[in-house]
C-alpha cells in the first residue's frame, strides 16, 4: 500500500460519506502496523476540522438490559427522522473470550441495513486504554463522514463506563425494572456517571417500571449532580415497542441545549480532549517504563517484597526509577 | 547533621516509643532535602519489620460534621482502654489557604495531652500525591513506635478520600443528620468508599439521626458492597457525648475479624502497597516528563490546539513523547 496516495482518495471518499471508506479508515486506526498508524495520524489531522459536529451519546447497561434492542429501535427512529447514525462499541473483554458486543451485526438486523446507519463492533484485544483510543478516533472519523449522531455502547467491564462517559456529550444508563434488593446489582459508580437513566422493558410491567424509576429518583438524592443545571432524569421506556424513546431523544436534545447555553458542553469536550492527550502520554510512558529490560527484570522481586511488607513502597519505587535512569 | 549517626539513635528511641523521636522521624519523611530523604528511606527500610501492626482507620466528613470532636472523644476512650492512638491528617489544601485540619492542636486539647496519644497535622503544601506519601510513611513510623490504632483524618478535598481509603483497613464517613434533599450535599463517590457510615450529632435530635440512618441504609441498597462479607453498617453516634462510640469500636473490630478470616484484610494491604509503589513510580515519571525542558516548551501550544479541537489528541501526544525521546 502506498499510504500517501491512498490517504488522499480515502479522505475524499470518507468526506463524501462513503461507508466503505469509513470502514477502511477505522481499520487503519485500529491497525498495529507502524505505517498504518502513521497514515491514520495524517488522515485524522486532515479531517480534524470536520469533526466535533455529532451528538455523542454513550450507553451502558448490564447484559440483558436490552442494549441492542433499544439501540436498534432508537437508531431506526433517528434515521427515519433524517439523522445519520453511527454505532460504535467499547468492549475490552472482546479479545479475551472471543465474544463481543456488536460482534454479530445480525443483532441489529434492521438498523444495519439502513443506508444512513453505520455499525462497527468493538476493536478487539488489548487493554482498555487501547480499545478506547481506537473507538474515540473511530468516532472522529464517523463525524468527518457526516454522521450527526454517534452512539457508543459499552457492557461496563472494568473501567469501560468511565472511559466511554469521558468521550461523549451525554451518558445513559439502561436499567431493568427492579426494586429494593434488586437495585443492589447496580455497579458502583455507574449511577454517578449517568446523565440520564432509562428503565427499559417498561412494556412488560409498566407499574413495576414506574416504581423502579421512583426508587432510582430517590436514590439519586444522595448524589450531588455533576452540573447544577442538570439533574439526571429517570425515564421509563421499551426498546422493544419503542415507547418512551421519543421522550429520550427530547431529553437528549434538552441536555444539549442546557449544556450548550451554560458553556458546559464545550468545556466538557475541551477537558475530555486535554485529558485524552495526557492519558495517551501516560499510557505510553508507563509502557516504555515497564518494558525497559532493566525495569522488567526487577519488578517481580520488588513487587513481592512490597506486597509482603518487607520493603517500603518508596524504596522499591526508587530502585525501579533508578533502573530506568531517572 | 550526620545522618548515619542520628539514624541509629533515632531508630532506637522511636522503637522505644519516644514521641519526640517519632516527631523527628516524621519531619525527616516530610523534608524535601535530598540527604533527609535518603535518611528517611534508610530509617523506613530498617523499621519495616515493626510496621503493619496497627488498626488503620480512615475518617472523612464535611467541615461541621464534627470530626475533631469525635476523634478526640473516640481517641480518649481508646487510650483509657489501654490503646496507643496516633492521629494523622491528609489535607492537600493546607498549603494553599494556610488553615489546616489538626493544624491547631488545641482543637483536640484533651487527646493531645494523653501520654498514649500522638497527634500530627497534615503535611503542608504540595500535590495530593506528595501529601499522601508523607502521611502513609508517617503511619508506618507510628506503627514502629508502638501505636496500635492509627486514625487518618481527611476533609475530602479533591481525591483525598480515595487516597486515604487506600491507605487504611477501614474507612469511615462521618455524616450529619439530614434527610431527603439534605442528603444531596454528600459528595459523589464518598458513600461507595465507606466501610462504615456514622450519623454524628445524634444527641441533638435522636429521632432525626435515626431517620437519617434509615435513609442512608436505603440509599446503600443501590450499591454493590465491595465485599460480599461486609455490608457497610450505618450507625448513629455523638462525638460530643460519646454515645455510640463503643458500638463504633465494636463494629471496627468486627470488620477486622471478618476481613481477617476471609483473607480480605491482608489482600487489601498487599494491594495497597503494590498500588502505592506504582503510584509513586508514575508520579515521578510524569514529573520527569513534564519538567523536561523540551516537553515543557511544547505543552502550552499543543494543549491549546487540542482543547480547541484543532489537533487530534493522539498527534499531540506523539509530539510530546518524541520531545522526551520516546
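Please treat every number below as a calculation from the coordinates, not as lab data. If you're wondering where the values come from, they're calculated on a predicted model, not measured in any experiment. Heads up, the Cβs are rebuilt from the backbone with ideal geometry, glycines too, and the neighbour counts pull from every protein chain shown.
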Task: Principal axes of chain A: Cα extent on each, largest first, Å - done: 62, 56, 41
- [ ] Mind ranking A:58-71, A:235-248 by how tightly packed they are, going by the mean number of other C-beta atoms within 10 angstrom, highest first?
- [x] A:58-71, A:235-248
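Taking 0.36 nm per residue of sequence separation and subtracting the Cα-Cα distance, how much length would be gained by fully extending the chain between residue A:19 and residue A:204, in nm to one decimal?
62.9 nm
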Task: Mean separation of Cα contacts under 8 Å, 6 or more apart, over the residue count of chain B: relative contact order % - done: 17 percent
Open item on the list: Under 10 °C and 1.306 mPa s, how fast does the range A:1-90 diffuse according to Stokes-Einstein, given a Kirkwood radius computed over C-alpha pairs? Answer in µm²/s, whole number.
Closed with: 105 µm²/s
Task: Cβ neighbours within 10 Å from other chains - mean over B:297-309 - done: 3
Open item on the list: I need the inter-copy label distances for residue A:322: point set 7 Å along Cα to C-beta, values in nm with one decimal, smallest first.
Closed with: 3.5
Open item on the list: So the label point sits 7 Å from Cα along the Cα-to-Cβ vector; using that for residue B:267, what distances do you get to the other copies, in nanometres, sorted shortest first?
Closed with: 4.1
- [ ] Would you tell me the mean number of C-beta atoms belonging to other protein chains that fall within 10 Å of each C-beta in A:131-139, as a whole number?
- [x] 1
- [ ] Could you compute the FRET efficiency for residue B:231 and residue A:304, with r as their C-beta to C-beta distance and R0 at 41 Å, rounded to 0.05?
- [x] 0.80
Task: R0 of 25 Å, Cβ-Cβ distance residue B:157-residue B:53: FRET efficiency to nearest 0.05 - done: 0.25
Task: Mean projected area in nm² (Cα convex hull; one quarter of hull surface) for the protein assembly as shown - done: 30.5 nm²
- [ ] Distances from residue B:27 to the same position in the other copies: list them in nm, one decimal, shortest first, using label points 7 Å from Cα along Cα→Cβ.
- [x] 6.9
Open item on the list: Only Cα pairs within less than 10 Å get springs; with that Gaussian network setup on chain A, which residue of A:219, A:89, A:194 has the largest fluctuation?
Closed with: A:219
Open item on the list: For the pair residue B:292/residue A:112, report the inter-label distance in nm, with labels modelled 7 Å from Cα in the Cβ direction.
Closed with: 4.5 nm
- [ ] Report, please, the projected area of the range A:134-181 averaged over directions, based on the convex hull of its C-alpha atoms, in nm².
- [x] 4.6 nm²
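Using only helices, what value at 222 nm comes out for chain A when you add -39,500 (n - 2.57) per DSSP H run of length 4 or more and divide by the total residues, to the nearest 500 deg cm²/dmol?
Only helices count here, giving -16500 deg cm²/dmol.
For an R0 of 41 angstrom, estimate the FRET efficiency from the Cβ-Cβ distance between residue B:8 and residue B:256 and round to the nearest 0.05. Each step should come with its number before you reach the end.
Numbers: r = 34 Å, r/R0 = 0.84.
According to the calculation, E is roughly 0.75.
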- [ ] Compute the whole-percent fraction of alpha carbon pairs in the range A:220-326 spaced more than 24 Å apart.
- [x] 58 percent
